[in-house]
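Presented below is the structure to which this report refers.
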Amino acid sequence: MDKILRIDVGAKGGPKATAVPVGDYAGLGGRAMTSAIISKEVPPLCHPLGADNKLVIAPGLLSGTASAMSGRISVGCKSPLTGGIKEANSGGQASQVLARLGYSAIVLEGKPKSDDLYKVFVNKDGVRISADNSLRMLTNYDLVAKMKAEYGEKMCCISIGPAGEMKMGAATVAFTDMELRPTRHAGRGGVGAVMGAKNIKVIVLDDTGMAMRPPKDPEKFKDANKRFVDGLKKHPVTGQGLPAYGTNVLTNILNEVGGYPTYNFKQGRFDGAAAISGETLAETEKKRGANPTHGCHRGCVIQCSGTYNDKDGHFLTKQPEYETVWAHGGNCGISDMDKIAMMDFLDDNYGIDTIEMGATIAVAMEAGLAKFGDADAAISFIHEVGKGTDLGRILGNGAALTGKAFGVERVPVVKGQAMPAYDPRAVQGIGVTYATSPMGADHTAGYAVTANVLKVGGDVNALKPEGQVELSRNLQIATAAIDSTGMCLFIAFAVLDQPDTFQALLDLLNAFYGLNLTGDGVTDLGKMVLKMERDFNKAAGFTPQHDRLPSYFKTEKFAPHNVTFEVKDEDLDKVFNW
Amino acid sequence: MLAIPHLDFIVAKPLLSEFFLLLQQGVLIRCRVSCSVAAFLREELRAGEDTIAKIQSIFLDGKAVDDIETALIKDGSVLALSAAMPGLVGATLRRGGAYSSFRNAITYHEKAETCSVKEGYVRIKIFNLLMAEMGPCLLQRGVSLKAEDLLSFMAGLSQDFWKGCRRTEFDNKPVDLRILQNSLTAGDEILLSVSSAQAEA
């Protein structure tokens, strides 16, 4: 991973690829790489769909190695949805393949000189870019089928669906999984729209003939990897809960505790929750011959993904994640799992963020465009987006725009991005992260290991009111660091509880690169990433007033516990004081 | 007090899990109350210390419990039990976890010192990995359901289930469930118990 592949889409005669040394970006991966390039090379005030914005696709520091869980890939740009810096990450095969091909990033830059749509093919021999307007408006599944016919089955794809081509704010970048299905997505912030603005429909990667990346100290690396895997397998969340049920196992407990946003964040409990819980989902999958325990990329030992078959036993979509089931389910008042799975498929196929789309449909329902609970109407809304009708253009640009277009006051967004599946009035600490993350409302922004392991800023007294702010800060720092390794964030559960597993992670990095990284080093990396991102946003015009939840969260009581968001603004402003 | 009609299933062991999904929606049990959550788990649900250690999140009347020794079970309480859950919110909802301050607004604080009622009904919900761990014992003990919930549940049972169902008894007499379905009325309370053929032997 000693080079960056830069593709100037505005070059004379069509897009031109150049492999350049990694230079100043050496030692960076994943989110650290994407945010470093965006903050250094993209003018913060540029238009997200214009010539000056760049789309950066970066594998993690350990991607392409034998390390378990190292297959996450980051996509960064100035976001068309938030107007700020964005990193969205995904599973799938591309991270491992791109790293083995020797690239620490692909950067799409410039402005196309024509309307032609391009495909990019990268293998050990180099890069081939060709115009292919037959791909125009193909859905992700159809596109991948076509690429498979053209390039065989030993490749993987990075692609956009129609939503990306139409430059919608909810458009994703899709990544194929182990079965060459476009089921994994860098979903948040409209990164697919930026790829669409560069007129690149698909990047096909083939690492045939390339070896796994060798560590500096193979014996230490092997030993650390074994301890790391053992730690993941022995932990009840990563070793049992996630493999058995996937992330949707959260539905029942969020609903029970009254923190499950229902009917566009009106209340915290949904009567139909049991019908769409992870437990019910896994049972249905088994009965239909699908698989509730499956990885999203090779090298995954947690196996929290799965497959979902229709009533006739045919593959319909991957096992929908908790956030997807919530967004299209309880938040829209829908309890029909088959309809929710269909929406998951349609989102993947058109290339739309499931969280943003579900939140948007709920806002549309609040506006009276359909009744809460009307699953067929919700499905038709997604088709409107995929077809690019007038209504679809509004919905495909997210909840904030839809709220404006239809005069809805209750729109659950921060920095223009829809909130995920946890109500910040019930779980106020996550509200701090929603409000202050540079990414906009994001449930993964403050997800990972914290003070007790890393001792970021000393010991935190979690019982003090300000503890929520301190914890959110530390979580955001740690998450930024893990996002930079390319490790799946779900390793955080084992790392959180088991210091020896955290040490195994450090040992993996040290053995691979010949470093002496400590917990402090990880903390410094996370702080550096957040500082770059905050500085970019500030220069793009963001102020402390953008680090706020919509005001109705402070005034509307949230049933069943009738709570409001009570963290003070002045405390939110302290989150990044370190 | 009138005796509640009881319906007993004796099924092949692998079929016990068919009943676990009932537990996520909640079932009533008649039991001793006015005790701590810890005592309730040990004495009423017969949970051993290993099992209690696996119960990482406990919700009493919809609020997250940190201290199972002080939170009290009362007549009409709703108690939900979960194994360790993923995500920041999963960690936040753990009892006594490092992130408990994140959900101060929905943390259970016991206000009562004691309760006078000694026996009553408690609604139990069991989620995820705990279903297989605690479900068989609870189902064998017997749980109360509304007739309509039971009928709705039975309507969803597969042909494979009925092939593996060894015996059904209603008030200790063998019963044809098709006839029973016609004789139950919405609102009736039924005591359901389920045991595996292996356990019975």
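Applying the criterion of at least 2 residues that are of a type outside the set (A, V, I, L, M, F, W, C) to the strands (runs of 3 or more DSSP E) found wholly in the range A:1-68 leaves A:3-8, A:16-21. Determine, yes or no, whether B:Gly90 is on the phi < 0 side of the Ramachandran plot, surrounded by 20 or more Cβ atoms within 10 Å (Cβ to Cβ), part of a helix (DSSP H, G or I) and of a type outside the set (A, V, I, L, M). Answer is yes for this residue.
The residues of the range A:187-218 that are in a loop (DSSP other than H, G, I, E, B) and over 19 Å from A:Leu138 (Cα atoms), listed by number, are A:Asp206, A:Asp207, A:Thr208, A:Gly209, A:Met210, A:Ala211, A:Met212, A:Arg213, A:Pro214, A:Pro215, A:Lys216, A:Asp217. Tallying residues that are within 14 Å of chain B (Cβ to nearest Cβ) and among the β-branched types (Val, Ile, Thr) within the range A:478-531 yields 4.
Kindly indicate whether B:Ser57 is of a type in the set (Ser, Thr, Tyr), within 14 Å of chain A (Cβ to nearest Cβ) and under 11 Å from B:Lys125 (Cβ atoms). Break it down into steps so the answer makes sense when it comes.
Working: of a type in the set (Ser, Thr, Tyr): yes; within 14 Å of chain A (Cβ to nearest Cβ): yes; under 11 Å from B:Lys125 (Cβ atoms): no.
Spelling it out, it is not the case that B:Ser57 is of a type in the set (Ser, Thr, Tyr), within 14 Å of chain A (Cβ to nearest Cβ) and under 11 Å from B:Lys125 (Cβ atoms).
In the set (1) buried (at least 17 other Cβ atoms within 10 Å of the Cβ); (2) at negative phi; (3) more than 20 Å from the chain's Cα centre (by Cα), A:Asn264 fails one condition alone, (2).
Do we find a residue being under 19 Å from the mean Cα position of the chain (by Cα), at pLDDT 95 or above and among the basic types (Lys, Arg) anywhere in the range A:112-123? Let's see the steps before the verdict.
Taking the range A:112-123 and keeping what is under 19 Å from the mean Cα position of the chain (by Cα), we get none.
No; the residues of the range A:112-123 include none that is under 19 Å from the mean Cα position of the chain (by Cα), at pLDDT 95 or above and among the basic types (Lys, Arg).
Of all residues in the range A:536-555, those being part of a loop (DSSP other than H, G, I, E, B) and in contact (Cβ under 8 Å) with a residue 12 or more places away in the chain number 7.
Suppose we keep only residues that are more than 11 Å from every other protein chain (Cβ to nearest Cβ) and among the polar types (S, T, N, Q) within the range B:90-136. Which one would you say is farthest from B:Val194 (Cα to Cα)? For the range B:90-136, the residue satisfying everything is B:Thr114. Residue check: is B:Leu22 part of a helix (DSSP H, G or I) and either within 12 Å of chain A (Cβ to nearest Cβ) or without any contact (Cβ under 8 Å) to a residue 12 or more places away in the chain (or both)? So B:Leu22 fits the description; yes. Residues in the range B:30-47: is at least one touching a strand residue (DSSP E or B) at 6+ places or on another chain (Cβ under 6 Å), surrounded by fewer than 20 Cβ atoms within 10 Å (Cβ to Cβ) and within 10 Å of another protein chain (Cβ to nearest Cβ)? No, the range B:30-47 has no match at all.
Of the candidates A:Tyr308, A:Tyr322, the single residue that is touching a residue at least 12 places away in the same chain (Cβ under 8 Å), farther than 17 Å from A:Ala421 by Cα, crowded, with 24+ Cβ neighbours inside 10 Å and touching a Leu at 6+ places or on another chain (Cβ under 7 Å) is A:Tyr308. If the condition is being assigned to a loop (DSSP other than H, G, I, E, B), among the small types (Gly, Ala, Ser) and away from chain B (no Cβ under 11 Å), then the range A:273-313 contributes A:Gly289, A:Ala290, A:Gly295, A:Gly299, A:Gly306, A:Gly313.
The values are calculated or read from the model by the stated rules, or taken from the named source; none is laboratory data. If you're wondering where the values come from, they're calculated on a predicted model, not measured in any experiment. Here Cβ is always computed from backbone atoms with ideal geometry, including for glycine, and neighbour counts include all displayed protein chains.
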